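Presented below is the structure to which this report refers.
The values are calculated or read from the model by the stated rules, or taken from the named source; none is laboratory data. Here the structure is a predicted model, which is why all the values come from computation and not from measurement. Positions of Cβ are generated from backbone atoms using ideal geometry, with glycine treated the same way; all protein chains shown enter the neighbour counts.
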Amino acid sequence: MPPHFLHSPARLHGSAMPSYHATKQAPRFTAAGLVLFALAASGCGAWTHRQNALGVEQYQQGQYQAALKHFQEAVAANPNIAESYYNLGATYHRMGNVDHSQPELAQAERYYNQSLDHDPAYRPAYRGLAVLLAQTNRTEQAFHLLEDWNGRYPTASAPKVELARLSQEYGKRDQAHEYLLQAVNANPNDAQALSALGQMQEQEGNASQALANYRRSLNLNSMQPDLVARANAIQQQLGPSPLYNVPAPNGNGMQIASPPGATIR
């Protein structure tokens with residue numbers, strides 16, 4: 001998982017519905033998370049946060065053993081933080097894929113489960129565990145995992161988006177489409193659900209509706225370069241007048257809308 005959602009839950013790299021066969025996961029750790037946790041942290045909390053940050057740096061350099069040591073230090077300092085267990089799981093998951101090691105994949109599975117033990121709603125751990133189950137020929141268990149999550153949090157959009165990802169991966173397009181509609185109904189401001197729904201609509205030949213949902217997603221999160229490219233391409237096909245203004249960050253970090261007919265930058 002990239003530092004924000006297996007293929008960033010914001011950052012859907014490559015497509016709005018990344019493959020459950022994809023295995024290049026990285027520990028979850030975002031700049032926003034760093035600031036929020038650091039502001040509230042002190043003592044062992046600050047140390048836990050620091051160790052997770054250092055571990056992510058090592059992971060990104062391919063130094064997986066060094067990363068594990070930092071994540072283990074984070075757990076030792078505060079054994080109640082789901083993110084630390086997730087980081088351990090994602091690192092072992094990556095190592096297991098690189099080394100073709102079943103013991104390392106089994107260790108990843110244990111840490112993903114421990115992450116969920118400490119936070120039953122922790123989305124990255126659900127996604128990492130579902131990916132691992134699917135890639136180890138336990139697709140039915142992957143579906144059950146996500147369905148159970150969805151059942152326990154029926155008003156949340158995140159489990160529905162993950163169920164849609166997995167359903168589409170295994171050729172259940174109608175089911176995936178229904179899950180995405182449910183996700184958008186549950187949370188009309190879920191940028192991932194909107195971009196994923198738009199991608200399905202584009203694949204089905206409904207370009208205008210796809211563009212509408214792409215723009216809604218970009219209005220909520222403008223930092224999606226792949227989605228910007230897709231929206232630009234469809235806009236050029238349909239004509240110069242956009243269905244929605246597309247935000248872009250200005251110098252103060254605020255969002256500004258591009259004028260009608262402008263190319264999305």
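When PRO124, PRO154, PRO120 are screened for being assigned by TED's automatic domain parsing to the domain that holds TYR86, surrounded by fewer than 16 Cβ atoms within 10 Å (Cβ to Cβ) and more than 30 Å from GLY239 (Cα to Cα), only PRO120 passes. If you check ALA130 against the conditions, is it part of a helix (DSSP H, G or I) and assigned by TED's automatic domain parsing to the domain that holds ILE81? Spelling it out, ALA130 is indeed part of a helix (DSSP H, G or I) and assigned by TED's automatic domain parsing to the domain that holds ILE81.
So that you can scan it fast, the table gives a plain yes or no per residue for (1) of a type in the set (Asp, Glu); (2) loosely packed, with under 15 Cβ neighbours inside 10 Å:
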residue: GLN102; (1), (2): no, yes
residue: ALA106; (1), (2): no, yes
residue: TYR111; (1), (2): no, no
residue: LEU132; (1), (2): no, no
residue: THR136; (1), (2): no, no
residue: GLU147; (1), (2): yes, yes
residue: ASN150; (1), (2): no, no
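Of the residues making up segment 76-100, just one is surrounded by 22 or more Cβ atoms within 10 Å (Cβ to Cβ) and over 19 Å from the mean Cα position of the chain (by Cα), namely GLY96.
Pick from segment 138-190 the residues that are in a loop (DSSP other than H, G, I, E, B) and of a type in the set (S, T, N, Q): which of them is nearest to the chain's Cα centre (by Cα)?
The selected residue is SER157.
Quick one: is LEU220 touching a residue at least 24 places away in the same chain (Cβ under 8 Å) and surrounded by fewer than 21 Cβ atoms within 10 Å (Cβ to Cβ)? For LEU220, the condition - touching a residue at least 24 places away in the same chain (Cβ under 8 Å) and surrounded by fewer than 21 Cβ atoms within 10 Å (Cβ to Cβ) - is met.
Taking every residue in segment 142-154 that is modelled with pLDDT of 95 or more and pairing it with any residue that is surrounded by fewer than 13 Cβ atoms within 10 Å (Cβ to Cβ), at least 6 positions away or on another chain, yields no pair with a Cβ-Cβ distance below 6 Å.
Residues checked against (1) more than 19 Å from SER157 (Cα to Cα); (2) touching a residue at least 24 places away in the same chain (Cβ under 8 Å):
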| position | (1), (2) |
| --- | --- |
| GLU178 | no, no |
| LEU181 | no, no |
| SER195 | no, yes |
| GLU202 | yes, yes |
| ALA207 | yes, yes |
| ALA212 | yes, yes |
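Looking only at segment 207-228, residues that are out of contact with any helix residue (DSSP H, G or I) (no Cβ under 9 Å at 6 or more places or on another chain) and in a loop (DSSP other than H, G, I, E, B) come to 1 in all.
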